[in-house]
Amino acid sequence: MYTVGAYIVSILTGIRYPDFVNSRIFKPLGMASSTYSIESALQTGRFTNTWTSFGRLIPPWIEEEFVDLIAGPGGVISSVEDLARLISRIPKHFDLHV
């Protein structure tokens, strides 16, 4: 469902979904640490790796050629600061206490 939604957004806007989210959400909110690109995240020097409980490195699972496919249902790489910016912009009339 989210994959189809991302596809529809890209068709209607004429740009890739990750580029749409970057220009319409990330940049206006100042979310400089948010991206869909593993390569961009690695270049920031703030990207953390995942490790197993016995010390084995788990490689990033999103490959660049699949970013458009996974962008709708997930795949955002972000920071706590950026997510706090996003949450602070949710209108107060939404009840987030479930």
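Below are the figures for this structure:
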item: Exclusive hit being assigned to a loop (DSSP other than H, G, I, E, B), closer than 18 Å to Glu81 by Cβ, free of Cβ contacts under 8 Å to residues at least 24 places away in the same chain and of a type outside the set (Phe, Trp, Tyr), set Pro28, Pro60; result: Pro28
item: Criterion violated by Arg85 - all others in (1) touching a residue at least 24 places away in the same chain (Cβ under 8 Å); (2) more than 27 Å from Ser10 (Cα to Cα); (3) out of contact with any Ser or Thr (no Cβ under 8 Å at 6 or more places or on another chain) satisfied; result: (2)
item: Residue list for region 33-75, restricted to those being of a type in the set (A, V, I, L, M, F, W, C) and in contact with a Pro (Cβ under 9 Å, 6 or more places away or on another chain); result: Ile38, Ala41, Leu42, Phe47, Val67, Ala71
item: Given (1) surrounded by 14 or more Cβ atoms within 10 Å (Cβ to Cβ); (2) modelled with pLDDT under 90, index of the condition Ser34 fails; result: (2)
item: Lone unmet requirement of (1) hydroxyl-bearing (Ser, Thr, Tyr); (2) in a helix (DSSP H, G or I); (3) modelled with pLDDT of 85 or more for Ser40; result: (3)
item: Residue match in region 59-78 (condition: aliphatic (A, V, I, L, M), modelled with pLDDT under 80 and surrounded by fewer than 17 Cβ atoms within 10 Å (Cβ to Cβ)); result: yes
item: Verdict on Phe26 being more than 14 Å from Val67 (Cα to Cα), crowded, with 17+ Cβ neighbours inside 10 Å and of a type in the set (Phe, Trp, Tyr); result: yes
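The values are calculated or read from the model by the stated rules, or taken from the named source; none is laboratory data. What you see is a predicted model, and the numbers here were worked out from it, not measured in a lab. Every residue, glycine as well, gets a Cβ built from its backbone with ideal geometry; the counts of neighbours run over all protein chains shown.
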